Each structure stands twice: as structure tokens, then as C-alpha cells.
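Have a look at the structure below, then the notes.
The values are calculated or read from the model by the stated rules, or taken from the named source; none is laboratory data. The structure presented is a predicted model; accordingly, all values stated were derived computationally and were not measured. As a convention, Cβ positions derive from the backbone with ideal geometry for all residues, glycine included, and neighbour counts pool all protein chains shown.
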Amino acid sequence: MSDQIWLSQAAYDRLSAELHELTTVGREQASKAIEVARAHGDLTENAEYDSAKEEQGKMEGRIRQLQEMLRVAKVGEAPSGDAVAAGMVITTVDDDGDESTFLLGSREDRVEGIGVVSAQSPLGKALLGRKIGDEVSYHAPAGTFTVTITHAKPLAS
């Protein structure tokens, strides 16, 4: 489960369309840009060529990222019930009384005004399967933290 990423159907469809666009039109455009820049002569001092190659590299990186994300995605409706699961909006309160509300899941499903915490992060792993009212401790690079879960509800589409 730690390799899975929860995605709504809408996010999955959007990412699939982006992947299709990049692997078809995007690759063709990148190839043409490199071809045009190459025609300008000496490649050792050709900034246009360097830029086109850099853009192609970024695009290929995004293609690999999308392929992996879609490969491990768990697609469907956000879970319901008492237990915290990926795809839920969670509210926690820390020891200082500071409240945080965030989507536990993928940044691809983020909504305006709500941050995202990955289910694979230290906090995300600690929250999975817990219930409202549970006090949860987790270890992160900056130390050990404790939060109390005050709300957990499915992400509204």
C-alpha cells in the first residue's frame, strides 16, 4: 500500500490526458524545436539548442513521473467510514493548539485553500487507519511530533 497513490477519477483522467498529450504532440514539438535549433549551426555555442534539449529533458521527466503515478494509482471515490484513509480531508491539532487541515493523498487532487500531505509521508503513515480523537505521534526529520485528529471526511468532488 505504501507505493499506492490515491487519485480521484477526475485526477486520473486529467493525468492520463496530460501523458497522452506529452507522448504524442509534446514529443513531436520538442523534436522539431531541436531540429530548428540544430540548423542554426555550431552546437557548442547554440543557446537555442541547449534550451530545446533542456525542455525536452524536463518533458521526458514529467512523462516518467506520470507513467509511474498512473501505474501505482488507486482510483476511485474517497473512502468513507471512521478510519483515516488516503483521499480524506483531515484536521489535526498539535500540542500548541495549532490546527491544520489538509488532504491526505495526492497533490494532483488538491483543492484551493487546502494543503496536501502524502500518505507516504511520516505524518501520513501515522494517520492511516486512525480515528477521530486519536492522538498520533510521528517521527519526521525535524523531530517527533504529536497531533490529535479532530475531523476526517471524504474529499468533496
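Quick one: in region 121-157, which of the residues that are part of a loop (DSSP other than H, G, I, E, B) and among the aliphatic types (A, V, I, L, M) is surrounded by the most Cβ atoms within 10 Å (Cβ to Cβ)? First the steps, then the outcome.
Our first condition is that a residue be part of a loop (DSSP other than H, G, I, E, B); within region 121-157, this holds for 121, 128-130, 132-134, 141-142, 155-157.
Filter again for among the aliphatic types (A, V, I, L, M), leaving 128, 132, 142, 155-156.
Working: Leu128: 18, Ile132: 15, Ala142: 7, Leu155: 20, Ala156: 7.
Looking at the filtered set, the residue picked out is Leu155.
Is it the case that Gly124 is among the small types (Gly, Ala, Ser), within 10 Å of Trp6 (Cβ to Cβ) and in contact with a Leu (Cβ under 8 Å, 6 or more places away or on another chain)? So that I can check it myself, show each step before the final result.
Numbers: among the small types (Gly, Ala, Ser): yes; within 10 Å of Trp6 (Cβ to Cβ): no; in contact with a Leu (Cβ under 8 Å, 6 or more places away or on another chain): yes.
Answer is no for this residue.
May I ask you to say which residue of Leu22, Leu15 is in contact (Cβ under 8 Å) with a residue 12 or more places away in the chain, part of a helix (DSSP H, G or I), within 22 Å of Gln120 (Cβ to Cβ) and touching a helix residue (DSSP H, G or I) at 6+ places or on another chain (Cβ under 8 Å)? If you could, list the steps in order and put the result at the bottom.
Details: Leu22 fails: within 22 Å of Gln120 (Cβ to Cβ).
Checking each option against the conditions leaves just Leu15.
Select from region 93-115 the residues that are hydrophobic (A, V, I, L, M, F, W, C) and buried (at least 17 other Cβ atoms within 10 Å of the Cβ) and list them in ascending order.
Taking region 93-115 and keeping what is hydrophobic (A, V, I, L, M, F, W, C), we get 93, 102-104, 111, 114.
Scanning region 93-115 gives Phe102, Leu103, Leu104.
What strands (runs of 3 or more DSSP E), lying completely within region 40-120, carry at least 3 residues that are out of contact with any Asp or Glu (no Cβ under 6 Å at 6 or more places or on another chain) and of a type in the set (S, T, N, Q)? Quick ask: steps written out before the conclusion?
On the way: elements: 73-75, 88-94, 99-104, 115-117.
Per the criteria, no element qualifies.
Working carefully through the options Glu108, Glu135, Glu112, find the one that is among the charged types (D, E, K, R), farther than 11 Å from Ile90 by Cβ and at pLDDT 90 or above. Break it down stepwise before answering.
Working: Glu108 fails: at pLDDT 90 or above; Glu112 fails: at pLDDT 90 or above.
That would be Glu135, the only listed residue that is among the charged types (D, E, K, R), farther than 11 Å from Ile90 by Cβ and at pLDDT 90 or above.
With the requirement that a residue be among the basic types (Lys, Arg) and either closer than 15 Å to Asp82 by Cβ or in the same structural domain as Tyr12 (by TED's automatic domain parsing) (or both), what does region 100-157 give you?
Arg130, Lys131, Lys153
So that you can scan it fast, the table gives a plain yes or no per residue for (1) under 14 Å from the mean Cα position of the chain (by Cα); (2) at positive phi; (3) loosely packed, with under 15 Cβ neighbours inside 10 Å:
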residue	(1), (2), (3)
Ser8	yes, no, no
Arg14	yes, no, yes
Ala37	no, no, no
Asn46	no, no, no
Lys53	no, no, no
Gly57	no, no, yes
Gln65	yes, no, yes
Met69	yes, no, no
Met88	no, no, no
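Could you list all residues from region 33-74 that are of a type in the set (D, E, K, R) and either touching a strand residue (DSSP E or B) at 6+ places or on another chain (Cβ under 7 Å) or not assigned by TED's automatic domain parsing to the domain that holds Ala17 (or both)? Even if it seems obvious, please write down each step before you answer.
Initial filter on region 33-74 (of a type in the set (D, E, K, R)): 35, 38, 42, 45, 48, 50, 53-55, 58, 60, 62, 64, 68, 71, 74.
Within region 33-74, Lys74 is the sole residue that qualifies.
I need the full set of residues from region 16-62 which are over 25 Å from Val72 (Cα atoms) and of a type in the set (D, E, K, R), in order please.
If the condition is that a residue be over 25 Å from Val72 (Cα atoms) and of a type in the set (D, E, K, R), then Glu28, Lys32, Glu35, Arg38, Asp42, Glu45, Glu48, Asp50, Lys53, Glu54, Glu55 are the ones that fit.
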